[in-house]
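Okay, structure first, notes after.
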Amino acid sequence: MYDDILIPYDGSEGAAAVLHHAAEIAHWADATIHVLYVADTTRDSVTVVEGNTVDALERQGEDIVDEAAKTLDTLAVSYDTDVVQGNPAPTIVDYAQRYDQDLVVMPTHGRDGVSRYLLGSVSEKVVRLSAVPVLSVRMQPDERLTFPYENVLVPTDGSTAATHAAERLVEFAAALDATVHVLSVVEDATLGPDVRSAVSEEDGERAATDAVEAVVSEAETRGVADTVRHVEHGSPVEVILDCIDSNDIHAVGMGTTGRRGTDRILLGSVAEKTVRSAPVPVVTVAEPE
């Protein structure tokens, strides 16, 4: 299902771990990795060397992708490399679509508890704008990189975005022979000040249970042998993080909403906050326009 995997690569600290993780996925999927460096034309990268005008960032990019190529040679993975000029985030998004990439693997640099960790970063913009699924890997010491994924968490709220994402993610999990944990969270804060009237709580739990059952049914239809149902109360992101820790989750998959091309996609959403804080890779799948 993943024949072509795009890795925007800048050679930054920790990026090698992401490259290795992507190589594991490529080995499993018999995929080709496409290493891309974007020479940022929004920066003043032009200089003069020996009387010739050259783009210093483009030259630097060639060195960086060459180093990535050496690593992939040792890992015996099929790959190619490319260096292009442009504004990094939209260039990556356009490149993934133009060359029919199946997955974009992006490192992020988020810090727990810092709400703006990713705002304005290339990774965050790609997650927001990409029509191609994005696998985000935090560059933090507590990040847990395990492949093949044995336990995959699929949060759902029953929305069309969540349903679309679940279809893609359970297919991935079935191919991995992974256990799918399906989670829906009843947000107590949305039940009203008097809360927590029994009727409101019952309605919330019923909706959450229905959302979980829909994904479980989809998973079973696609050949997932093991599913686990979770209906919990609380703040969605906190519940997701607790579920990751208590169930040895190796990856999370969820949908994003919004229209591509606007900066407001994903901002403040559960998906964004999960990408920011989850100690395991997070796959985000955009809802089709």
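The values are calculated or read from the model by the stated rules, or taken from the named source; none is laboratory data. What you see is a predicted model; the values in this text were computed from it and never measured. Backbone-built Cβ (ideal geometry, glycine too); neighbour counts: all protein chains shown. Ligands, DNA and RNA are stripped out before the accessible areas are found, and what is left, the full protein with its side chains, is counted by its heavy atoms. Shrake-Rupley method; radii C 1.70, N 1.55, O 1.52, S 1.80 Å.
Are any of the residues in the stretch 175-189 over 21 Å from VAL285 (Cα atoms) and either part of a helix (DSSP H, G or I) or modelled with pLDDT of 95 or more (or both)? Looking for residues that are over 21 Å from VAL285 (Cα atoms) and either part of a helix (DSSP H, G or I) or modelled with pLDDT of 95 or more (or both), one finds at least one in the stretch 175-189, hence yes.
Looking only at residues in the stretch 52-78 that are open to solvent by less than 70 Å² (accessible area, probe 1.4 Å) and in a strand (DSSP E or B), the one that is modelled with the lowest pLDDT is VAL54.
The residues of the stretch 129-159 that are under 24 Å from ASP177 (Cβ atoms), polar (S, T, N, Q) and buried (at least 16 other Cβ atoms within 10 Å of the Cβ), listed by number, are SER136, ASN151, THR156. I'd like to know if the stretch 234-245 contains one or more residues that are over 20 Å from the mean Cα position of the chain (by Cα) and closer than 30 Å to GLU289 by Cα. Within the stretch 234-245 (the criterion being over 20 Å from the mean Cα position of the chain (by Cα) and closer than 30 Å to GLU289 by Cα), the answer is yes, since at least one residue qualifies. Contact map, the stretch 121-140: residues that are charged (D, E, K, R) paired with residues that are in a helix (DSSP H, G or I), Cβ distance under 6 Å, separation 6+ or inter-chain. Pairs shown: LYS125/ALA89. Being in a helix (DSSP H, G or I) and crowded, with 16+ Cβ neighbours inside 10 Å is the requirement here; does ALA207 meet it? Against the criterion (in a helix (DSSP H, G or I) and crowded, with 16+ Cβ neighbours inside 10 Å), ALA207 does not qualify. Pairs meeting the criteria (first residue in the stretch 3-15 and within 16 Å of ALA131 (Cα to Cα) and in contact (Cβ under 8 Å) with a residue 60 or more places away in the chain, second residue open to solvent by 20 Å² or more (accessible area, probe 1.4 Å) and among the charged types (D, E, K, R), beta carbons under 6 Å, at least 6 apart or on different chains) are ASP4/ASP102. Taking the numbered list (1) modelled with pLDDT under 90; (2) farther than 19 Å from VAL38 by Cα in turn, VAL127 passes all entries but (2). Among the residues making up the stretch 1-18, a single one is within 13 Å of TYR79 (Cβ to Cβ) and modelled with pLDDT under 95: TYR9.
The residue that is modelled with the lowest pLDDT, counting only those in the stretch 93-111 that are under 27 Å from ASP142 (Cα atoms), crowded, with 20+ Cβ neighbours inside 10 Å and of a type outside the set (S, T, N, Q), is GLY110.
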